[in-house]
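The structure appears right after this line, and notes come after that.
The values are calculated or read from the model by the stated rules, or taken from the named source; none is laboratory data. Just so you know, these numbers come straight off a predicted model, no measurement behind them. Note that we place each Cβ from the backbone using ideal geometry, even for glycine, and neighbour counts take in every protein chain shown.
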Amino acid sequence: MLSINPVHVRRDLMLLGVSGSHSAGYDVQELIRHITEKLECEEGKKSCIIGFGHMGRAALELFGEGFAPASMVAIFDTSSKSVGKFFEGVPCYSMDKITQIIENQNIRLAVITEADEETDSLISLLLACGIRGILNLTPVQLNVPGHIHLEEFDMVTTMIKLAYFSGRKE
C-alpha cells in the first residue's frame with residue numbers, strides 16, 4: 001500500500017530514540033512515550049465536543065480519558081437530559097456558556113458532531129473564542145480561514161465510497 005518495509009520503520013524508531021529489534025520487539029509503553037514526546041503532546045490540548053447525541057457520545061468514548069494528544073474538558077449540548085451532568089468525568093454545558101467556558105479553560109480544539117442551519121455562526125463563534133483546530137464529524141462542509149486546521153470525516157460518504165469501491169474489486 002505505502003511501500004514501507006520493516007527496515008524503514010525500525011530506522012525511524014531509532015531516530016526517535018527507541019531501542020528494540022525485529023526479533024525482541026519494542027517496549028510499547030516506551031514507544032508511546034517517545035512518540036508522544038516527539039509530537040509534543042505529553043499534555044493533551046484542551047478539547048471540547050459540540051453536540052452530544054450518538055456521535056458526540058462516540059467521540060467522547062474515543063477521545064475521552066487517556067487520549068494523549070487531546071484532553072476532553074467540556075461538552076456542549078442543547079438537551080436538558082445532558083446539560084449539567086458529567087459524562088466520563090467531563091461536564092456538559094449549555095450552548096449559551098460556550099464562549100465563557102472555551103475562553104476560561106483555554107480550549108483550542110473542537111469536535112463538531114451535529115450540524116444545522118446555525119453551524120456557520122457557531123464556527124464564527126468558536127474561532128472568536130480561540131479554537132484553532134476542528135474535527136468535523138458531520139456531513140456539512142465547513143468553511144474556515146486558512147490558519148485554522150480542519151479535519152472533516154463524513155461517515156455517510158465514506159460508507160457510500162466503501163460500498164462502491166468494494167463492489168468494483170470482484
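Some points to look at:
- Condition check for GLU30: modelled with pLDDT under 95, outside any loop (DSSP other than H, G, I, E, B) and not β-branched (Val, Ile, Thr): yes
- Residues within the range 100-117 that are out of contact with any Lys or Arg (no Cβ under 9 Å at 6 or more places or on another chain), under 16 Å from PHE52 (Cα atoms) and either of a type in the set (S, T, N, Q) or modelled with pLDDT under 95 (or both), tallied: 3
- Leading residue by the ranking (farthest from LEU126 (Cα to Cα)) among those in the range 47-72 that are surrounded by fewer than 19 Cβ atoms within 10 Å (Cβ to Cβ) and either over 12 Å from the mean Cα position of the chain (by Cα) or basic (Lys, Arg) (or both): GLY66
- Checking the stated criteria, GLU88 turns out to be touching a Leu at 6+ places or on another chain (Cβ under 8 Å), loosely packed, with under 15 Cβ neighbours inside 10 Å and either more than 30 Å from LEU122 (Cα to Cα) or modelled with pLDDT under 95 (or both).
- Members of the range 52-83 found to be within 15 Å of GLU114 (Cα to Cα) and either small (Gly, Ala, Ser) or in contact with a Cys (Cβ under 8 Å, 6 or more places away or on another chain) (or both), listed by number: PHE52, GLY53, GLY56, ALA58, ALA59, ILE75, PHE76, ASP77, SER79, SER82
- Condition check for GLU40 on (1) under 30 Å from LEU122 (Cβ atoms); (2) modelled with pLDDT under 80; (3) surrounded by 10 or more Cβ atoms within 10 Å (Cβ to Cβ): one failure, at (3).
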